[in-house]
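Below: one structure, written as structure tokens.
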Amino acid sequence: MAEKSTNPTKKKKLLSWLILAACLLIIAAITVGIIFAVKGNGRDFTGDIGQTQEPPDDGGNENPPDDGNGGEIQDTSSQYEFIAPVREVNLIKSHEFNYDKTMDWYRLHQAMDFGAPAGTEVMAAVDGTVRSIVKSDPLDYAVITIDHANGLTTVYKFLDPAENLEAGSKVSRGQVIGTVTAATGVENQDGDHLHFEVRKDGKLADPDEYLNITSK
């Protein structure tokens with residue numbers, strides 16, 4: 001009786017299928033392991049694909065919460081952004097070391113001087129509260145000091161205060177606080193002008209850091 005011969009081609013096909021099946025099992029095991037590892041870290045990537053984030057439910061209220069201002073957006077920029085204290089800017093002296101014609105010496109001028117004829121309106125550079133109005137009777141001019149937010153103070157010298165302006169008065173940016181007086185005192189040789197100072201936490205600062213005039 002003759003022995004049955006085994007077809008080598010069939011053996012190769014069977015072996016190929018077994019290898020393929022083993023590979024698929026390995027891939028499946030690795031995939032399952034990755035999924036469980038990711039979920040263990042608190043993130044589910046299955047929710048990242050094709051999903052759109054829904055806005056939080058506000059109970060059907062389409063209006064923003066009432067902020068006590070009738071829903072209007074309040075412009076608070078004037079509390080912090082400076083404007084020049086005179087309408088026509090004629091800068092005759094900046095915050096720098098220069099020659100003082102009146103005193104005939106060189107010194108650090110820690111302010112900005114704006115040339116302006118007597119009677120020119122002077123405005124508050126930013127919102128604030130008048131701290132003091134000091135009048136110099138012999139020289140016929142006043143110095144107005146105004147406190148602002150963020151530790152800032154502005155000082156206006158060589159002017160005649162506006163009527164009804166007094167210590168404690170609230171002023172807004174652009175509000176007229178007085179008028180320029182005729183040149184007098186320690187800077188009279190510079191002609192009629194407004195002497196304008198800015199102080200930060202009590203220390204003199206360069207007004208141009210807030211006005212940005214010389215850098216324009």
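General remarks:
- Ranked by the mean number of other Cβ atoms within 10 Å of their residues, highest first, the peptides 173-181, 18-26, 152-160, 202-210 fall in the order 152-160, 173-181, 202-210, 18-26.
- Normalising the average separation of contacting C-alpha pairs (under 8 angstrom, six or more residues apart) by the number of residues puts the relative contact order of segment 112-216 at 34 percent.
- Amide H contacts of ALA118 (H built 1.01 Å from N, in plane; Pro and chain starts excluded): no residue 5 or more places away or on another chain comes under 5 Å.
- Listed residues THR120, THR214 arranged by accessible area, highest first, probe 1.4 Å: THR214, THR120
- Whole-Hz ³J(HN,Hα) from phi, Karplus 6.51 cos²θ - 1.76 cosθ + 1.60, for segment 108-115, glycine and proline x: 7, 8, 8, 6, 10, 10, 10, x
- Shown is the FRET efficiency for ILE213 and VAL134, computed with R0 = 35 Å from the Cβ-Cβ distance and rounded to the nearest 0.05: 0.85.
- Contour excess over end-to-end distance, with Cα ends at GLU121 and THR184 and 0.36 nm allotted per residue: 20.9 nm
- Note on surface exposure: VAL134, VAL122 rank VAL134, VAL122 by accessible area, highest first, 1.4 Å probe.
The values are calculated or read from the model by the stated rules, or taken from the named source; none is laboratory data. Since this is a predicted model, take the numbers as computed values, not measurements. Backbone-built Cβ (ideal geometry, glycine too); neighbour counts: all protein chains shown. The area values use the complete protein model at the heavy-atom level, side chains included, leaving out ligands, DNA and RNA. Shrake-Rupley method; radii C 1.70, N 1.55, O 1.52, S 1.80 Å.
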